[in-house]
Amino acid sequence: MVRWLRDASGRFPRRPHYEAAELESVCADLHAELRRIRPPTEQRTVTTDDLTVLIEHHAADLDLYADLPPGLDAVTDFASDVRPRVRVAARLSESARSTNRLRTTLAHELAHVVLHNFIWWFPPDPGVAFDPAALSPRCALKARASDWMEWQANYCAGALLIPAVAIADAQAPVWERSSAGRALIRSVQSDFEVSAQAATIRLRQLGRLSDRPAYIVRAPLPRTW
């Protein structure tokens, strides 16, 4: 059952709240759905085609060559009577250098579709203006961390691209600035074809990285004479 909280952003009277374990479960279900739709392969990377197939199963339309303003990567258009429509900036599909960013954007928009579509199903409260187009998420590379809708979609994007089951457990987290921490980040970055930032954030979520060393070696105090 969805837990509802007051929406401090003022966009909706209330908003859905998801625990991290619930978001992990949603992403695990999407991976299982993908395995049913497409023949399983040995590759670890969730491809652009994989994400495209999943979006097309859950949304009414996917436009990979949308004419969006600079700085805007994608828009998911929600409405109360139809399935959502996903539009992704054409520049992400047209540039080979944007392959990983395109995958991250698709995973992010897929999360919006799966997590947030039902919010638009409910009729607005009496006397409250309701503009679905204005409330639909517009996603840029640097979204506000305080935006609950963007935070949920970002979390699921990481969980879709770097599944928890694919990261081996460790006895204890390693400091991300240590040689072992940097090696782990590079390994995940290479294995799953994501940015170093995405790999770092995901490893923190899974408890594999620590933002401080386990032991701090202090300089000896000066001798007093």
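The values are calculated or read from the model by the stated rules, or taken from the named source; none is laboratory data. Nothing here was measured: the structure is a model prediction, and the numbers come from that model. Here Cβ is always computed from backbone atoms with ideal geometry, including for glycine, and neighbour counts include all displayed protein chains.
A few points about this structure:
- Checked against the criterion of being part of a helix (DSSP H, G or I), at pLDDT 90 or above and over 20 Å from Leu54 (Cα atoms), the candidates Arg103, Arg91 yield just one match: Arg91.
- Residue tally, condition in a loop (DSSP other than H, G, I, E, B) and modelled with pLDDT of 65 or more, over segment 138-147: 3
- With respect to the conditions (1) modelled with pLDDT under 85; (2) closer than 30 Å to Asp7 by Cβ, Gln43 lacks only one, and its number is (2).
Yes or no, residue by residue, for (1) modelled with pLDDT of 90 or more; (2) more than 22 Å from Val88 (Cβ to Cβ); (3) surrounded by 12 or more Cβ atoms within 10 Å (Cβ to Cβ):
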residue	(1), (2), (3)
Ser136	no, no, yes
Met149	yes, no, yes
Ile162	yes, no, yes
Ala219	no, yes, no
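Here is a yes/no grid of residues against (1) acidic (Asp, Glu); (2) within 15 Å of the chain's Cα centre (by Cα); (3) under 23 Å from Ser190 (Cβ atoms):
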| residue | (1), (2), (3) |
| --- | --- |
| Tyr18 | no, yes, no |
| Ala21 | no, yes, no |
| Ile37 | no, no, no |
| Gln43 | no, no, yes |
| Gly71 | no, no, no |
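- All positions within segment 65-80 that are surrounded by fewer than 16 Cβ atoms within 10 Å (Cβ to Cβ) and either in contact (Cβ under 8 Å) with a residue 24 or more places away in the chain or not in a loop (DSSP other than H, G, I, E, B) (or both): Tyr65, Gly71, Leu72, Ala79, Ser80
- Flag for Arg83 being closer than 23 Å to His57 by Cβ, at pLDDT 90 or above and in a loop (DSSP other than H, G, I, E, B): yes
- Among the residues of segment 10-40, those that are loosely packed, with under 13 Cβ neighbours inside 10 Å, in a loop (DSSP other than H, G, I, E, B) and either touching a helix residue (DSSP H, G or I) at 6+ places or on another chain (Cβ under 9 Å) or at pLDDT below 90 (or both) comprise Gly10, Pro13, Pro39, Pro40.
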